[in-house]
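Heads up: the structure comes next, in structure tokens.
Nothing in this text is a laboratory measurement; each read-out follows from the coordinates by a stated rule. Worth saying up front: this structure is predicted, and the values here are computed from it rather than measured. Backbone-built Cβ (ideal geometry, glycine too); neighbour counts: all protein chains shown.
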Amino acid sequence: MDSKVLTYCCPTQIHLGIHALRTLPEIITRLGAKRLLFLTDNGVASTEIFKLVKNILEEQHLPFDLFTDIEPDPSHTTVEKAHQIYEKNKATHLLTLGGGSTIDVGKAVGILAANGGRIQDYEGIDRFPNPPVPLLAIPTTAGTGSEVSGSCVITDTDRSLKLSIRGSTLNRAKVAILDPLTLSSLPHHVAAHAAMDAFVHALESYVSLNANPITDAMNLYAIGLISQNVRPFVANRSNLEAGLQMLCAASLAGMGFSNTGAGNIHCMARFVGAFFHVPHGLANAVCLPYGADFNLMASPQKYARLASAMGGAVHGMTTLEAARTAIDAIRRLNGDLGIPSRLREIGVTENRISEMARLCFEANYNRWNPRYTTVEDFQLLFEKAF
Ligand SMILES: [Fe+2]
């Protein structure tokens, strides 16, 4: 055993259950909130769940200001506009009702409110000295795990790049409410893409070079929950039991990967998303079987356990045989959820593959990926996936 010291941290308080939203009044009281900036997007603002949360705030006579102009891949100007409202109205706390983009804007506003300056000033790891303003997150997708992860991604539209802002202990939501009622109006494809994002978080964290027994336990359990519940959940987003398990799995996987780092699949998906505007979860799902197959030989025991967690009948098989069935199970899962099997089917063009391969190598996910990956390896991975 080597002497590497591994770290696990998740300071978010989680309230999990069907009708967990009923705890919102007591949570607000406990947080001592005097005025909220309530962040959501225009899609969520037209749903019943938005009305429910708004009614709870009004019944509590808690003043709030609403900001709904949040786009997918939110920009630094969106963060600045929301922050101006926060300052102008002297809010004390942040509430997000939405998916990863909305939570990320909430995190970024919290950093600016406590530290001043521009969000670009805080790109990198632990660049903001003061703890962000407390954030209460109510996720409306089961995927990103952003409510418990230590990062937010904001697009700098002046420089056409994505800023990754991370804090080892300071950048999570203070409180998260995971209630499957929030998932019931999700479109089928959004539910599927988000679920596969969570699956990739769990898998990449499980086989990461930084994995530890705590993250292993969470990731393997998350993979089991997703494997058992994702089909009934995507088929019927009003299935509250399945939705609850998916929310739990997404948070577990978020706690996992935010402590260990991701791997090749996220790396490939990052540039597929940036170059071709493919939704993050979809890009991950399409790259998943190729990246998983490439990494298998670095960690066959873990892949064998993955196969078992996914429900595979691996008894009597050798470790390698069992490990290979995990890749088959992943392909079947993607197929059942309607995920295309090739990058060409989601708008990727062959002429950008070399550039994406170079950028993937330079992004240095070799810090976390279990199998060292060269530029040529990335080139081959993209060509196979194409
Ligand atoms: Fe992700």
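Suppose R0 equals 56 Å. What FRET efficiency, 1/(1 + (r/R0)^6) with r the Cβ-Cβ distance, do LYS384 and ALA114 give to the nearest 0.05?
Values: r = 46 Å, r/R0 = 0.81.
E(calc), rounded to 0.05, equals 0.80.
What list of whole percents do you get for P(r) of the chain, with Cα-Cα distances grouped in 10 Å bins up to the one holding the largest distance?
5, 24, 34, 25, 10, 2, 0
Counting each DSSP H run of 4 or more residues in the chain as -39500 (n - 2.57), what helix-only mean residue ellipticity at 222 nm follows after dividing by all residues, to the nearest 500 deg cm²/dmol? Write down the numbers at each step before the final one.
On the way: 13 runs with 190 residues, N = 386.
Dividing the helical sum by the residues of the chain leaves -16000 deg cm²/dmol.
In whole Hz, with x marking every Gly and Pro, tabulate ³J(HN,Hα) for the stretch 240-252 from phi via Karplus 6.51 cos²θ - 1.76 cosθ + 1.60, θ = phi - 60°.
5, 5, 5, x, 4, 5, 5, 4, 5, 4, 5, 5, 4
Taking only Cα atoms, what is the 0 to 90° angle, nearest 10, from helix 76-88's long axis to the longest principal axis of the chain?
Once rounded, one gets 30 degrees.
Considering only DSSP beta bridges where both residues belong to the stretch 13-182, give the percentage that are antiparallel (nearest 5).
On the way: 6 of 28 bridges.
About 20 percent, rounded to the nearest 5.
List the equivalent ellipsoid semi-axes of the stretch 1-145 in whole Å, largest first, each obtained as the square root of 5λ for an eigenvalue λ of the Cα gyration tensor. Let's see the in-between values first.
Details: eigenvalues 127, 81, 50 Å².
Sorted largest first and rounded, they come to 25, 20, 16 Å.
Would any residue of the stretch 132-164 have its amide N under 15 Å from a label point 7 Å out along Cα→Cβ of THR77? List them or say none.
155-161
Calculate the spin-label point distance for ASN212 paired with GLU87, positioning each point 7 Å from the Cα along the beta-carbon direction, and give it in nanometres.
Going by the 7 Å Cα→Cβ label model, 3.8 nm.
Given H placed 1.01 Å from N in the peptide plane, which residues other than close sequence neighbours of ILE14 have an amide H under 5 Å from its amide H?
So ILE14 has HN proximity to ALA176.
Please give, to one decimal in nm, the separation of the simple spin-label points placed at SER184 and THR29, each 7 Å out from Cα toward the Cβ.
Here the answer is 2.6 nm between the modelled labels.
Restricting attention to the stretch 135-239, which trypsin sites (Lys or Arg not before Pro) occupy a DSSP loop and are surrounded by at most 11 other Cβ atoms within 10 Å?
Sites meeting the loop and neighbour criteria: ARG159.
From the Cα trace of the stretch 188-385, what convex hull volume per residue do you get, rounded to a whole Å³?
Numbers: hull volume 19.8 nm³, N = 198.
Normalising the Cα hull of the stretch 188-385 by residue number yields 100 Å³.
For the stretch 185-227, state what percent of all Cα-Cα pairs lands in each successive 10 Å bin, counting from 0 Å until the bin that includes the largest distance.
Histogram of Cα-Cα distances, whole percents per bin: 30, 45, 20, 5.
Would you kindly derive the ³J(HN,Hα) couplings of the stretch 359-376 from the backbone phi angles with the Karplus curve 6.51 cos²θ - 1.76 cosθ + 1.60 (θ = phi - 60°), listing them in order in whole Hz, with x for Gly and Pro?
So the Karplus estimates, Gly and Pro as x, are 5, 4, 5, 5, 5, 6, 6, 4, 4, 10, 5, x, 10, 4, 10, 8, 4, 5 Hz.
Helix 188-206 versus the longest principal axis of the chain: what angle, 0 to 90°, nearest 10, using Cα atoms?
In the chain, helix 188-206 runs at an angle near 70 degrees to the longest axis.
Restricting the calculation to Cα positions, tell me the Rg (one decimal) and the Dmax (whole number) of the stretch 186-293 in Å.
My reading of the Cα-based Rg and Dmax gives 13.3, 38 Å.
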